[in-house]
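Accompanying notes for the structure given below.
The values are calculated or read from the model by the stated rules, or taken from the named source; none is laboratory data. Note that the coordinates shown come from a computational prediction; the quantities given were computed from them, not determined experimentally. Positions of Cβ are generated from backbone atoms using ideal geometry, with glycine treated the same way; all protein chains shown enter the neighbour counts.
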Amino acid sequence: MSPDGGSGSRAPILAVSHARKTYGPVVALEGVSLTVGEGEFVTLLGPSGSGKTTLLKAIAGFEEIDDGRIELAGQDITDMPPARRGIGMVFQNYALFPHLTVARNIAFPLEMRGVARAEIDRRVEEILRLVELEGYGARLPRQLSGGQQQRVALARATVFNPRLLLLDEPFSALDRKLRESMQVELRHLQQRLGLTTVFVTHDQEEALLLSDRIAVMNHGRIEQLGHPAAIYDHPASRFVAGFVGEANMLRGHVAGSRGGHAEVALDSGDRLAVDLPPAARGAGDLQLVLRPERIRWLDDAAQADNAFPAVLVEHLYLGQNSKYRVRLASGLELTLRTQGEGEPLAAGTERLVGWDARDIRGVPCS
Amino acid sequence: MQLTAATAARPAGRRVRLSRAGRYRLLYAALAAPGVLLLAVVFVYPLLDLMRLSFENGSLAHYEEVVSGGLFGTVFWNTVRIALIVTIACAVLGYPVAHFLATASRGWALFGLLCVVLPFWTSLLVRTYAWMILLGNNGIINKLLVGAGLVERPLPLLHNEFGVLVGMVHVLLPYFVFPVYAVMLRVDRTLMAAAEGLGAPLWQVLRRIYLPLTLPGIAAGGTLVFILSLGFFITPALLGGGKVMMIALLIEQQVGQMLNWGMAAAMCMTLVAAILLAYAAFKRLGRRNAP
């Protein structure tokens, strides 16, 4: 496994080691290991079927793992029933009890812990204020909007000071605007309460925005674990590069050197200057990742380490930014992204495009 | 085809402009008419006629007799008591069955459904005779018990209240299971997982979440079983052997042996009133706790 950026100096609260889970012939988790430090926000990011939800359910205790070990604050909880784990969880559909009022929903975990009535009332009031739902205690969940239900679920999952908070795609049912404001609110709440959090999503933007660290999952494995910037800028595999952000995927091999950089001959025939770590220089086939926002329009070939004349295939206007598809003389097609509304270029326009040697990343060939 | 039907339902000759919704309402009314008519002829008319009979000569004499007469009172409360026992027994036995059906894998659920439905499809009379074969003094159960030396004399299982209860619970169990099963299918399973995750032991999940959420089903099934029990005839008649008196038997006696139609009609009306009352009570219970 790749270096994970570490959980820093923070003491690990959650430690999953070599978790394995199969459903008949389907392998849902293939020896997953993960530690989460105190107060840390870790996101499990991956497509559906990648095992991220299975891992979350295993941590919560709703799925038994076939092999491996799960520790919470140093205690082995692998075989502990969910009720005794002391973990707060927010479900994708919120799972609010429809027959209980908001206040009774939030009081539920406290009642189960035998907290005194007066104390329960005080803490329910307090958390309702924290999630800005004061005065909503007597309502039933169905009388609330989606965003409000979401906040009740969050309040219920945190009111008993859980050792760990789990969130299973909690924002997927909300519209974009509400989702963005809820994401910020969650992050504030999480930091204010110092909650150790494991968050599951398939939305890479959400993961980049919220997380201290991201675990990118695919086919029951963690493909890469690291800080959001490390995941984006230094993807460890072709899958990570393609799943997190957009990427132009190029294949080639080292063909020599040029001005202190490695020279790579692409399968398309183009030759590029690329910053490669020394270890990769001797390698045969290379997989290269070029982010669309790294490619620029050039006036002069000397403005970048790599410059190519290109023909515009398509211009996509996206409001805050613009996307262009261009074709090089070799036939290689690249996607290019610029900030702002961009120049309204007609298809067929010829322009010079380019990028520097450090803008391109090599990932292991798969 | 629907359109022609709708046109046909419109009174001929007159140009009445009806909205689309209005035309459909008319069509539905026309389609429902035969059924409503049948019910009116074979149910409502006899009921009204019975009511007329019960007020013979415009007097309340029969009702006075029903209310003051010791026999009807005794039998009435005995019926209510038996109906309650049967309802509770059906609930205790049926609730876990419904839960099993609602949560089992497809194969097991199908098998379980067949087990519940097959007796349901079998004639009531056949099933009641089957219980006579099982429970009688020379029945299978007693033969086994005596043969094994567990008891010296055959146990009195038939021609008493026990036999009646066993038969009624058996016959009425599906009426409880199906409504509860239907409600359980709609209960979101993640709610139970959520409750467990929030620290609730299994019995608390049941008491605080599952039972309240399935209460509408319990109320519906309970209503059915209780009301059907109040008017049950064949099973208590055969398994009770004339020793267990229930209202339906008493009414039959009034008609068949005493030829006292007025008295029987008054009893019928009282039974109908009791059933409506029970229905209203259960309905209230179900609505108050509906999610």
*Take segment A:244-260 and flag every residue that is within 22 Å of A:A230 (Cα to Cα) and either surrounded by fewer than 12 Cβ atoms within 10 Å (Cβ to Cβ) or in contact with a helix residue (DSSP H, G or I) (Cβ under 7 Å, 6 or more places away or on another chain) (or both).*
A:V244, A:G245, A:E246, A:A247, A:N248, A:M249
_Any residue at all in segment B:89-107 that's within 19 Å of B:T235 (Cα to Cα), touching a helix residue (DSSP H, G or I) at 6+ places or on another chain (Cβ under 9 Å) and touching a residue at least 60 places away in the same chain (Cβ under 8 Å)?_
yes
*Filtering segment A:128-145 down to residues that are part of a helix (DSSP H, G or I), away from every other protein chain (no Cβ under 14 Å) and out of contact with any Asp or Glu (no Cβ under 8 Å at 6 or more places or on another chain), which residue is nearest to A:L186 (Cα to Cα)?*
A:L130
*Please determine, by comparing only the residues of segment A:104-119 that are surrounded by 21 or more Cβ atoms within 10 Å (Cβ to Cβ) and not aromatic (F, W, Y), which one is nearest to the other protein chains (Cβ to nearest Cβ).*
A:P109
*asked:* For B:A237, only one of the following conditions fails: (1) farther than 19 Å from B:V171 by Cβ; (2) surrounded by fewer than 18 Cβ atoms within 10 Å (Cβ to Cβ). What is its number?
replied: (1)
*Take segment A:54-71 and flag every residue that is buried (at least 22 other Cβ atoms within 10 Å of the Cβ) and more than 22 Å from A:S172 (Cα to Cα).*
A:G61, A:I65, A:I70
*Could you figure out which of (1) crowded, with 16+ Cβ neighbours inside 10 Å; (2) within 10 Å of the chain's Cα centre (by Cα) isn't true of A:E263?*
(2)
*asked:* I need the full set of residues from segment B:151-186 which are buried (at least 19 other Cβ atoms within 10 Å of the Cβ), without any contact (Cβ under 8 Å) to a residue 40 or more places away in the chain and not in a helix (DSSP H, G or I), in order please.
replied: B:L157
_Step by step: first the residues of segment A:89-103, then only those that are within 26 Å of the chain's Cα centre (by Cα) and surrounded by fewer than 21 Cβ atoms within 10 Å (Cβ to Cβ), then the one that is nearest to the other protein chains (Cβ to nearest Cβ). Which residue is that?_
A:N93
*asked:* For segment A:146-161: of the residues being more than 23 Å from the chain's Cα centre (by Cα) and within 11 Å of another protein chain (Cβ to nearest Cβ), which is surrounded by the fewest Cβ atoms within 10 Å (Cβ to Cβ)?
replied: A:F160
*Could you tell me whether B:T190 is crowded, with 22+ Cβ neighbours inside 10 Å, among the hydroxyl-bearing types (S, T, Y) and either assigned to a loop (DSSP other than H, G, I, E, B) or at pLDDT 90 or above (or both)?*
no
*What tally of residues in segment A:160-195 results from selecting those that are β-branched (V, I, T) and modelled with pLDDT of 95 or more?*
0
*Considering (1) in a helix (DSSP H, G or I); (2) closer than 22 Å to A:R258 by Cα; (3) touching a residue at least 24 places away in the same chain (Cβ under 8 Å); (4) not β-branched (V, I, T), say which one A:A302 fails and leave the rest.*
(3)
*Among the residues listed as A:R361, A:R351, A:R325, the single one being of a type outside the set (D, E), part of a strand (DSSP E or B) and farther than 26 Å from A:V244 by Cα*: A:R351
*Go through segment A:50-88 and give me each residue that's without any contact (Cβ under 8 Å) to a residue 24 or more places away in the chain, part of a loop (DSSP other than H, G, I, E, B) and away from every other protein chain (no Cβ under 14 Å).*
A:G74, A:T78, A:D79
_Residues to consider are A:L290, A:L352, A:L328, A:L332; find the one that is buried (at least 18 other Cβ atoms within 10 Å of the Cβ) and modelled with pLDDT of 90 or more._
A:L290
*Checking A:E125 against (1) facing chain B (nearest Cβ under 9 Å); (2) part of a helix (DSSP H, G or I); (3) farther than 14 Å from B:G199 by Cβ, which single condition isn't satisfied?*
(1)
*Do we have B:V97 as surrounded by fewer than 12 Cβ atoms within 10 Å (Cβ to Cβ) and closer than 30 Å to B:T214 by Cα here?*
no
*Pick from segment B:66-109 the residues that are more than 24 Å from the chain's Cα centre (by Cα) and modelled with pLDDT of 90 or more: which of them is nearest to B:L206 (Cα to Cα)?*
B:T103
*Could you tell me which residue of segment B:202-219 is farthest from the other protein chains (Cβ to nearest Cβ), considering only residues that are aliphatic (A, V, I, L, M) and without any contact (Cβ under 8 Å) to a residue 12 or more places away in the chain?*
B:L206
*Quick one: is B:F55 farther than 23 Å from B:P179 by Cβ, within 23 Å of the chain's Cα centre (by Cα) and surrounded by 11 or more Cβ atoms within 10 Å (Cβ to Cβ)?*
no
*Among residues belonging to segment A:208-236 that are surrounded by 19 or more Cβ atoms within 10 Å (Cβ to Cβ) and acidic (D, E), point out the one that is nearest to the chain's Cα centre (by Cα).*
A:D212
